[in-house]
Amino acid sequence: MPTAGASAPRCRFEARDGAENATVVTASVLAEAPGARALLCEAPPMAASGTPVALSLSLNAQQWAPTTARFYSVPPPRVESVLPDLSPSSGGLVLELTGDHLEGGSDYRCRFDEAIVVPASYDAHSGTVLCVSPPGLLGYVRVAVSLNGQQFSEADQPADGAVLTYYNVHALDDAFPG
């Protein structure tokens, strides 16, 4: 769908009972390249996870493209633990994140204390997310995961187990008997 000249781009999410109960949200044109052909819209909350809904697009909020796309809502990921739960401040440690709803992602990322985001991957054999601890952090750090590179799991409660403790590594240059 060409997006040039979009005056009022919209996305419409239709449940099984049709357009009369559809949710319409404002979209924005992604202008990452000349002649952009993509719309970005935030999906509304869905009642049932895994139930497909029809997705329609409009450039003027009046005429809608034929509905052929299906959108699936999935539960948000939840990180229960980070293994190991200690990392040197120099980083570089492979971490294994365990939890619920970690499968099915398309762009895995780990976020450390709302500030540092690193690439991650999903290990289907163990059902965990793997990422490498970044350098430069100290103390207790909350860890969150994203399956799409955009929305992250909630990691604001240390009781969730999504905490990594960074420790400072001191170098020993020389030792003398006491």
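Among the residues of region 138-173, which ones are of a type outside the set (Phe, Trp, Tyr), at pLDDT 75 or above, assigned to a loop (DSSP other than H, G, I, E, B) and within 18 Å of the chain's Cα centre (by Cα)?
First pass over region 138-173, keeping only residues of a type outside the set (Phe, Trp, Tyr): 138-139, 141-151, 153-165, 168-173.
Remaining after also requiring at pLDDT 75 or above: 138-139, 141-151, 153-154, 162-165, 168-169.
Filter once more, so that each one left must be assigned to a loop (DSSP other than H, G, I, E, B): 138, 147, 149-151, 153-154, 162, 168-169.
Within region 138-173, LEU147, GLY149, GLN150, GLN151, SER153, GLU154, ALA162 qualify.
Take residues that are closer than 18 Å to ARG10 by Cα, of a type in the set (Val, Ile, Thr) and without any contact (Cβ under 8 Å) to a residue 40 or more places away in the chain and tell me which of the strands (runs of 3 or more DSSP E) falling wholly in region 23-137 contain 1 or more.
Correct list: 23-29.
Could you say which residue among GLY127, GLY92 is modelled with pLDDT of 95 or more, over 21 Å from the mean Cα position of the chain (by Cα) and exposed (fewer than 14 other Cβ atoms within 10 Å of the Cβ)?
None of the others qualify; the one that does is GLY92.
What are the residues in region 1-22 that are outside any loop (DSSP other than H, G, I, E, B) and at pLDDT 80 or above, if any? Before the answer, list the steps.
Initial filter on region 1-22 (outside any loop (DSSP other than H, G, I, E, B)): 10-14, 19-21.
Residues satisfying the conditions are ARG10, CYS11, ARG12, PHE13, GLU14.
Which of (1) polar (S, T, N, Q); (2) at pLDDT below 95; (3) crowded, with 18+ Cβ neighbours inside 10 Å is the odd one out, the single condition SER133 does not satisfy?
Checking SER133 against (1) polar (S, T, N, Q); (2) at pLDDT below 95; (3) crowded, with 18+ Cβ neighbours inside 10 Å, the one that fails is (2).
The values are calculated or read from the model by the stated rules, or taken from the named source; none is laboratory data. These numbers were taken from a predicted model, which means no experiment stands behind them. Using ideal geometry, Cβ is built from the backbone for each residue, glycine included, and neighbour counts are taken over all protein chains shown.
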